[in-house]
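To keep things clear, I will list the structure first and then write my remarks on it.
The values are calculated or read from the model by the stated rules, or taken from the named source; none is laboratory data. Every value quoted in this text rests on a predicted model; they were computed, and no experiment measured them. Protein only, heavy atoms only, side chains kept; ligands, DNA and RNA dropped before computing areas. Shrake-Rupley method; radii C 1.70, N 1.55, O 1.52, S 1.80 Å.
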Amino acid sequence: MNGEHKPATIEFYRNMKPSIIERFGTCKLTNIKSVDIEKFLNEIRADGLSTTTIKHYQNVLRIMFGYAE
């Protein structure tokens, strides 16, 4: 893959941004614990998001926190 993504893929990930910012936007990354992430994932699961979409959220958060280290 050459690093380019389909517009639908880009839009999919852009649509994640507001909920992540709403939940964690005012928190310092060092203050966010795994229990906070699990709570967030449980909340979006309760909203009816699919298992696949939840996994995408997990991956985005994993990358985000990995980059912050």
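At 1.002 mPa s and 20 °C, plugging the Kirkwood radius over alpha-carbon pairs of the chain into Stokes-Einstein gives what diffusion coefficient in µm²/s?
Working: Rh = 13.1 Å.
Diffusion coefficient, whole number: 164 µm²/s.
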*Can you pick out the pairs among 6/33; 33/55; 6/28 whose Cα atoms lie more than 22 Å from each other?*
6/33; 6/28
*Helix 34-46 versus the longest principal axis of the chain: what angle, 0 to 90°, nearest 10, using Cα atoms?*
60 degrees
*Write down the accessible area per residue of the chain in Å², having rolled a 1.4 Å probe over the full set of protein chains.*
81 Å²
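Using a 1.4 angstrom probe on heavy atoms only, work out the carbon and sulfur share of the accessible area of the chain in %. Provide the component values of the computation, followed by the final result.
Numbers: 3040 of 5560 Å².
Here carbon and sulfur together make up 55 percent of the probe-accessible area.
Per DSSP H run of at least 4 residues, take -39500 (n - 2.57); add these up for the chain, divide by its residues and hand me the 222 nm value, nearest 500 deg cm²/dmol. It would help to have the intermediate numbers written out before the result.
Details: 3 runs with 49 residues, N = 69.
About -23500 deg cm²/dmol.
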